[in-house]
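The values are calculated or read from the model by the stated rules, or taken from the named source; none is laboratory data. Values in this document were obtained by computation on a predicted structure and should not be read as measured data. A quick note on method: Cβ atoms are made from the backbone with ideal geometry, for glycine too, and the neighbour counts reach across all protein chains shown.
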Amino acid sequence: MKKIWRVPLIIRGEVIDEGAVEFGGRRGGAVFTAPDVRKHLEQLALDRPSRMADLYLLSFDDIAEYLGRLSERLNLATNPHMQEAYELSRLTSGLSDSILRNHYENIPYFFLSEVARESAENFIGLDYLEGWVPQASRVNPALTVKVRAFGARAVHVIAGNSPGVAAQTVLRNAITRSDAIIKTPSNDPLTAAAMARTMIEMAPDHPLTRHLSVAYWKGGDTNVEEILYHPKRVEKIIAWGGFASISHITRYLQPGIDLITLDPKHSATIIDSDAFADEATLRHVARRLALDVGAMNQEGCVCARVVYVVSGTDAKGLERLNNLGKLTFEALQALPSHLSTPHKAFDPELKSELDGLRFAGDEYKMFGGRNNEGAVIVSQSDAPVDFSRLLSGRVCNLVPIDALDEAVLSVNSYTQTIGLFPESLKDRLRDRLAYQGAQRLVSLGGAATLFATAAPQDGIEPVRRMCKWIVDESASAELLEGLALAPDAAVAAN
């Protein structure tokens, strides 16, 4: 008999585990039950913003100390809630077990005190989180301005392609002193709840525990969202999602609600002719490119898909590029299992397209793609495959070009990360790529393996936007009275 998993509803320190409604996880890998959120909406939403005052009795040292203790308790080897989340994710996630385990084992890192402090400083500025910060002005020295960052009541509609998204959300809620309702996804309904349950066991009455709720409901359920997504109940919606889900949320927008979207992107790679300097360099480039394609099994927006290479489009250029394709495929197969494996649920639509390429004559050369091992498609002209949006499961498309301009012009506002080789290419192209819409530039090989602790995301600063920025302006009584009398003085002078 198939196991039915139980996903609790957690409302500010209270665990509700009545399992009233049955849901199916993605990929048909699991069935789980969860409480009917519609019955708990009045409790789920924080009715009065003033109830967040307890968060401001905490110093940031208090917050960092709390998160440091939480980090110690989120160890996969000893935490039964995290173990349960991992076991369910094995059935619902697109990541292989070895990759998933690595992600879960890295979750405690998010909550280290020093990471929390660096994140707060880089994302926002600790002084703005801790108090009112004077703003100097030479233009109007008679006016004194002070600014402070306050938290907000927020709903986080998170993605489930990595358990790190849940960890990132819990961290951001804590450092901004916000009140969060995390709406979990069907491909990871337990990770955020596991963290919240750990917080309850560690410090049930702590303000950070009391300002975190975790719920699952089917996305688009108007019976829930028409009530919850209202400025009386929330001030911010932070949504990770595709076109359909974001479009659905926009129907609830009105004055008083700020929507922060972290929507799916596609990433790319640009490799200059330096890659072909010699055989050793080419193999080095192939191994780094394999990292950008294969890490996380290409489940992340950051992973490379279309790769533009200044190989030349003549016969010699294509020969060079085909060699790079062969070496890249070999490097993909050799990646360590904690980073990449053959995909456990390879997209059948993509597989059909790959099978079709075998009958495309001399338009493409393909390495791999027989089963779920991944593939490197090498275009024999300067155009990507027409199904490039489907590329996943460790499948990339190498495209030959004669000049860098062709790669630059392919970038648009949907392009998130671009891996570049050689490093000097960044200085030459980064401004132009930014004009085109690129949002993150990395050294080749670092797209899905190296991340800045605290940096902008998708071309915005989401954590700053999670805050409410409050202004305190002061002027002397004499100045204000003078303004009030100025019109009469002008009349008398006439």
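Key figures
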read-out	value
Selected residue (only one of 67, 100, 41 is part of a helix (DSSP H, G or I), touching a Ser or Thr at 6+ places or on another chain (Cβ under 8 Å) and more than 30 Å from residue 343 (Cα to Cα))	67
Scope region 273-310; condition aliphatic (A, V, I, L, M) and assigned to a helix (DSSP H, G or I); matching residues	275, 280, 282, 285, 286, 289, 290, 291, 293, 295, 296
Criterion: part of a strand (DSSP E or B), out of contact with any Asp or Glu (no Cβ under 7 Å at 6 or more places or on another chain) and of a type outside the set (S, T, N, Q) - qualifying residue of 22, 18	22
Every residue from region 182-223 that is assigned to a helix (DSSP H, G or I) and either modelled with pLDDT under 95 or outside the structural domain of residue 259 (by TED's automatic domain parsing) (or both)	222, 223
Residues satisfying the stated conditions in region 378-432, i.e. modelled with pLDDT of 95 or more and either touching a Cys at 6+ places or on another chain (Cβ under 6 Å) or of a type in the set (Phe, Trp, Tyr) (or both)	387, 421
Hits in region 90-138 (condition: polar (S, T, N, Q) and under 29 Å from residue 161 (Cα atoms))	92, 93, 96, 98, 102, 106, 113, 119, 122
Selection count, region 320-371, where residues are more than 21 Å from residue 276 (Cα to Cα) and not in a loop (DSSP other than H, G, I, E, B)	12
Identity of the residue in region 356-406, among the aromatic types (Phe, Trp, Tyr) and farther than 18 Å from residue 285 by Cβ, that ends up farthest from the chain's Cα centre (by Cα)	359
Answer from 375, 360 - the residue that is assigned by TED's automatic domain parsing to the domain that holds residue 312, aliphatic (A, V, I, L, M) and at pLDDT below 95	360
In region 335-363, the residues that are in contact (Cβ under 8 Å) with a residue 24 or more places away in the chain and of a type in the set (Ser, Thr, Tyr)	337, 340, 341
Condition check for residue 77: of a type in the set (A, V, I, L, M, F, W, C), loosely packed, with under 14 Cβ neighbours inside 10 Å, assigned to a loop (DSSP other than H, G, I, E, B) and in the same structural domain as residue 200 (by TED's automatic domain parsing)	yes
Residue 60 in contact with a helix residue (DSSP H, G or I) (Cβ under 9 Å, 6 or more places away or on another chain), of a type in the set (Phe, Trp, Tyr), in contact (Cβ under 8 Å) with a residue 40 or more places away in the chain and buried (at least 20 other Cβ atoms within 10 Å of the Cβ)	no
Condition broken by residue 102, with the remaining ones in (1) touching a residue at least 12 places away in the same chain (Cβ under 8 Å); (2) more than 24 Å from residue 7 (Cα to Cα); (3) surrounded by fewer than 18 Cβ atoms within 10 Å (Cβ to Cβ) satisfied	(2)
Residues (of a type in the set (Gly, Ala, Ser) and surrounded by fewer than 18 Cβ atoms within 10 Å (Cβ to Cβ)) located in region 274-290	277, 280
Qualifying residue in region 427-435 (condition: assigned by TED's automatic domain parsing to the domain that holds residue 302, farther than 21 Å from residue 461 by Cα and surrounded by 16 or more Cβ atoms within 10 Å (Cβ to Cβ))	yes
Within region 387-413, tally of residues that are without any contact (Cβ under 8 Å) to a residue 40 or more places away in the chain and charged (D, E, K, R)	1
Number of positions in region 226-251 that are more than 20 Å from the chain's Cα centre (by Cα), surrounded by fewer than 18 Cβ atoms within 10 Å (Cβ to Cβ) and outside any helix (DSSP H, G or I)	4
Single match in 159, 154, 142, 174 (criterion: touching a residue at least 60 places away in the same chain (Cβ under 8 Å), touching a helix residue (DSSP H, G or I) at 6+ places or on another chain (Cβ under 8 Å), part of a helix (DSSP H, G or I) and of a type in the set (A, V, I, L, M, F, W, C))	174
Strands (runs of 3 or more DSSP E) within region 415-477 that include 2 or more residues over 27 Å from residue 151 (Cα atoms)	415-421, 440-443
